[in-house]
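Engineer: Shown below is the structure under consideration.
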Amino acid sequence: MRKEILRFSYEKLFQSTDFWKQIKQLNINVDFLEARRFFATCRPIRGMMLSYERKDVEQGLVRIQENQIILSDVSLTCDVLKEFASFPIKSAMAYLISCSPDSYENYGAGELNYHFIQNACMDRVRNLMMQNFRMFVKKEYETEDSICFSKGVGPGYFGMPMTEGKKIYTLLHGEEIDVFYKGEMMYPLKSTIGAMFSYKAEEPLKLDPCAYCQAAAKDCRYCGEYKNIP
């Protein structure tokens with residue numbers, strides 16, 4: 001197993017072309033100078049990644065059984081996993097990302113910009129972690145073909161109950177990057193947690209996340225707009 005604790009400065013993420021591409025796609029107007037001032041003073045994003053290697057899989061530390069993925073001695077329930085039960089699992093990763101708990105008022109940025117920039121940066125950090133995981137796995141299995149990767153699964157996504165977040169947090173020892181649980185909530189509130197894995201298949205499974213959503217589509221604002229549901 002490999003465990004990494006990473007810190008990503010907002011300034012570095014701000015310079016990423018993917019960050020600005022994300023902004024343009026969402027048509028959000030973030031003032032350039034205001035954003036620069038924000039990045040100059042805002043605390044870095046903290047990230048933690050625990051990856052399971054080939055030898056860990058061979059030792060049985062990673063496996064899927066019905067709708068559960070087992071990482072070490074932690075069993076995570078997620079409805080979508082039933083679709084992968086027949087495929088050989090090659091590796092897995094669990095991650096935790098957290099932003100500064102400070103108020104936007106401390107950084108001289110508007111509240112809307114502040115929250116949007118945090119969200120965009122967290123998405124960018126998660127993408128970087130996933131890219132690094134894919135690169136590592138492809139290098140490790142370079143003599144094998146047909147290695148595919150799952151989407152990121154986490155509490156509230158693809159049929160994973162919200163209560164499973166605590167299990168991932170315990171596995172990662174989230175307190176090492178100053179993230180804590182209070183009741184059912186993670187603090188700082190701008191924290192996200194999840195897992196992904198690689199598997200052997202001729203082509204990646206194409207899955208509709210809505211099929212595993214535990215909310216009714218007609219009551220979901222995102223689905224209602226995305227699918228034009230009245």
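Engineer: Would it be correct to say that residue 105 is loosely packed, with under 14 Cβ neighbours inside 10 Å, of a type outside the set (A, V, I, L, M, F, W, C), without any contact (Cβ under 8 Å) to a residue 12 or more places away in the chain and assigned to a helix (DSSP H, G or I)? Step through it out loud before you land on a result.
Structural biologist: Numbers: loosely packed, with under 14 Cβ neighbours inside 10 Å: yes; of a type outside the set (A, V, I, L, M, F, W, C): yes; without any contact (Cβ under 8 Å) to a residue 12 or more places away in the chain: yes; assigned to a helix (DSSP H, G or I): yes.
In short, yes.
Engineer: If you go through region 118-126 one residue at a time, do you hit one that is closer than 25 Å to residue 174 by Cα, touching a Gly at 6+ places or on another chain (Cβ under 8 Å) and either surrounded by 14 or more Cβ atoms within 10 Å (Cβ to Cβ) or not aliphatic (A, V, I, L, M) (or both)?
Structural biologist: So the first thing to find is which residues in region 118-126 are closer than 25 Å to residue 174 by Cα, and the list is 118-126.
The next check asks that each one be touching a Gly at 6+ places or on another chain (Cβ under 8 Å); those that pass are 125-126.
Checking which are either surrounded by 14 or more Cβ atoms within 10 Å (Cβ to Cβ) or not aliphatic (A, V, I, L, M) (or both) leaves us with 125-126.
Taking every residue of region 118-126 in turn, at least one turns out to be closer than 25 Å to residue 174 by Cα, touching a Gly at 6+ places or on another chain (Cβ under 8 Å) and either surrounded by 14 or more Cβ atoms within 10 Å (Cβ to Cβ) or not aliphatic (A, V, I, L, M) (or both).
Engineer: Further, regarding this structure: Would you mention how many residues in region 152-200 are among the acidic types (Asp, Glu), part of a loop (DSSP other than H, G, I, E, B) and surrounded by 18 or more Cβ atoms within 10 Å (Cβ to Cβ)? Break it down into steps so the answer makes sense when it comes.
Structural biologist: The initial filter retains those residues of region 152-200 that are among the acidic types (Asp, Glu), namely 164, 175-176, 178, 184.
From the residues that got through so far, the ones that are part of a loop (DSSP other than H, G, I, E, B) too are 178, 184.
If we keep only those that are surrounded by 18 or more Cβ atoms within 10 Å (Cβ to Cβ) as well, we get none.
Result for region 152-200: 0.
Engineer: Given (1) of a type in the set (A, V, I, L, M); (2) more than 22 Å from residue 200 (Cα to Cα); (3) outside any strand (DSSP E or B), identify the lone condition not met by residue 130.
Structural biologist: (2)
Engineer: Would you mind finding the one in 146, 86 that is free of Cβ contacts under 8 Å to residues at least 24 places away in the same chain and more than 17 Å from the chain's Cα centre (by Cα)? First the steps, then the outcome.
Structural biologist: On the way: 146 fails: free of Cβ contacts under 8 Å to residues at least 24 places away in the same chain.
Unique residue meeting the criteria: 86.
Every number in this text was worked out from the coordinates using simple rules, so none of it is lab data. All values derive from a computational prediction rather than experimental measurement. Quick reminder, even Gly has a Cβ in these numbers, built from the backbone with ideal geometry, and neighbours come from all protein chains shown.
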